[in-house]
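Enquirer: Dumping the structure here so I can ask a few things about it.
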Amino acid sequence: MRGARGARVLTPAVRSALGSRFSAHCRGFASGASLGRALPVSSPRFEPLDADKSGNWGNNQRGLGHNNYLAKILNARVYEAADETPLQRAPALSAKTRNHVHLKREDLQPVRSFKIRGAYNKVAQLSHEQRSCGIVACSAGNHAQGVAFSAIKLGIDAVIVMPTGTPSIKVDGVRKLGGRVVLHGDTYDEAAAEAARLVEVEGRTLIHPFDDPLVIAGQGTIGMEILKQCTGKPLHAIFVCCGGGGMLAGVAAYVKRVIGVEAEDAAGMTASLRSGQLQERELEHVGLFADGASSLDATRRPDLLCAAVKRVGEETFRICNHLDGSIDTQSTDPNSGRSILEPAGALAIAGVKQWAAAANTRDQTYVAITSGANMNFDSLRFVSERADASETLLSAPSGSSSAVSSHATHAGPGADAAHIYISFQAAGAEDNASVIAALRADGCETLDLTANELAKDHARHLAGGRVTIEHERLYRFEFPERPGALSRFLDALNGGWNVSLFHYRNHGGDVGRVLAALQVPEADSDAFDTFLTELEYPYVRECGNVAYKRFLQAS
């Protein structure tokens, strides 16, 4: 069925391919722990996805309420627009983790994302009256392209509402697919309000990106395909990235054991599952780079644009809270191999790496769903920097090692030591430790800065040496990119204190990051703290950061 456009799922061929799985889905549900509570990452324990004592390979509807997701998934109208994507073995990742890792290549869909499945399944099942009134979606990501693609294929008028700060490449991508784009508002909330207005005034049907049973069922066909493609293989876990939870809920409704993976700075589902109830409050900080993997929207300022929603879906949370598995959080840094994926699309692969390492598993079979590969060159530049997972900062006396002295940059005139960066790829933790040990044995004081955001994002790009600035305080700030965002940030930063250092970087067109130092006398501390609070931009104080002390601040 690979690439068989127009084929329906519920066919004799599909029933035959599913074999015992098909009938087993209708018989029993092996109840288990709720996601995110019973299976800590530090000591994962779970059985393979083999049939249990009742012959059950997957999930039926016990605990899932009125929505019969098994029937919805088996009857989903997906393959008129989407492809049955291949399940490919990942040799390098398998060798590195010492397990059998396979990639479900959703990045090969016609719109380079799994979102086409749920969007088309929803749009295709609208009534004639609903189709005649048109549809509307609010999205600045892959869902927008999925809706536009579905609408043009079915001959339905579609309006995609996006915030005015949406990067032009995303706007152009939707327009090329035939969608009509309306740019409205500075925040996602304002854009969503306009979409709601179009529903009320024009009678359009809203196509939700994840919190809709038909959308969830469309994404659930990924799980169905994985089980079919793994015939004869013992499957131990499926790793699914999670934003609003549509794909995670869909796959989990069909397969008995899944592991959800969220960006560590946008873990809305994790927070909801741990608390046992849907989280509607804002997290303290939400990362914006993993498009589609952010759970909450920062709306305190009109220019804080986030292509996310304020919470994960009610229906997706309900499903995930009743099913068996675990949930993990990941950085967007890890390198996923030879396929160039968007950061959110690579989260599942990162989850496989951490899970296998934490559990110390061998010869297990894992599937990671590579959910998307829509990326512009700005984003690619950021990913290329982050792909090298090991960065080491060395402080070595001048001339102590010919291997590094040719690359050394003295940190100020008359310095008796050279402070340099060395970035290298290590085969693993043991290899990294051996390299550091060898450097130390050669007389190089070595510090691992792999997790140091100040070093990775700013310090290694700065020149000028180490100086002493009286009353200097160093901070990292972050704000979503949109036209005029940097200018507004600079205006807001003008609080009357001298700015002694300023470094700005655009990260993939989605987020701007600033390193700024201000001279604040001790007597102004209270006033400055009030200023930072009223500034309302996320910030981190870095005065004690080792990269600052070694590269920018004189002793």
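Quick note: the coordinates plus some simple rules give every number you see, no bench work behind them. Only a predicted model underlies this, so the values are computations on that prediction, with no experimental measurement involved. Cβ coordinates were reconstructed from backbone atoms using ideal geometry, including for glycine residues, and neighbour counts include every protein chain displayed.
Enquirer: Please report the equivalent ellipsoid semi-axes of the range 119-206, computed as sqrt(5 x eigenvalue) of the Cα gyration tensor, largest first, in whole Å.
Expert: With the √(5λ) rule applied to the range 119-206, the semi-axes are 20, 15, 9 Å.
Enquirer: In what sequence do K228, K104 fall when counting other Cβ within 10 Å, fewest first?
Expert: With the fewest neighbours first, K228, K104 line up as K228, K104.
Enquirer: Next up: How much length is gained if the chain between D431 and V182 is pulled fully straight, taking 0.36 nm per residue apart and subtracting their Cα-Cα distance, in nm to one decimal?
Expert: Separation in residues times 0.36 nm, less the Cα-Cα distance, equals 84.5 nm.
Enquirer: Take peptides 147-153, 199-205, 79-85, 245-251 and line them up by average Cβ neighbours within 10 Å, highest first, as a rough protection proxy.
Expert: 245-251, 147-153, 79-85, 199-205
Enquirer: Taking 29 Å as the cut-off for C-alpha to C-alpha distance, list the pairs among K122/K256; K256/K456; K96/K228; K115/K456; K96/K456; K353/K456 that go past it.
Expert: Pairs exceeding the cut-off: K256/K456; K115/K456.
Enquirer: How large is the Rg to Rh ratio of the range 173-246 when both quantities use alpha carbon positions and Rh follows Kirkwood?
Expert: Taking Rh as the inverse mean 1/r over Cα pairs, Rg/Rh reads 1.13.
Enquirer: Same structure, new question: Can you pull the one-decimal nm distance between simple spin-label points at F502 and D189, each 7 Å off the Cα toward Cβ?
Expert: 2.9 nm
Enquirer: Take S127 and I169, extend 7 Å from each Cα along the Cα→Cβ direction, and tell me the distance between the two endpoints in nm.
Expert: Distance between the two pseudo-spin positions: 4.2 nm.
Enquirer: Using the number of other C-beta atoms within 10 angstrom as an exposure proxy, rank C320, C242 with the fewest first.
Expert: Ranked by crowding around the Cβ, least crowded first: C320, C242.
Enquirer: Estimate the FRET efficiency between A441 and R274 by the formula 1/(1 + (r/R0)^6), using the beta-carbon distance for r and 45 Å for R0, to the nearest 0.05.
Expert: With a Förster radius of 45 Å, E is 0.55.
Enquirer: Please arrange F239, F489, F531 by counting, for each residue, the other beta carbons lying within 10 Å of its beta carbon, fewest first.
Expert: With the sparsest Cβ surroundings first, the list reads F531, F489, F239.
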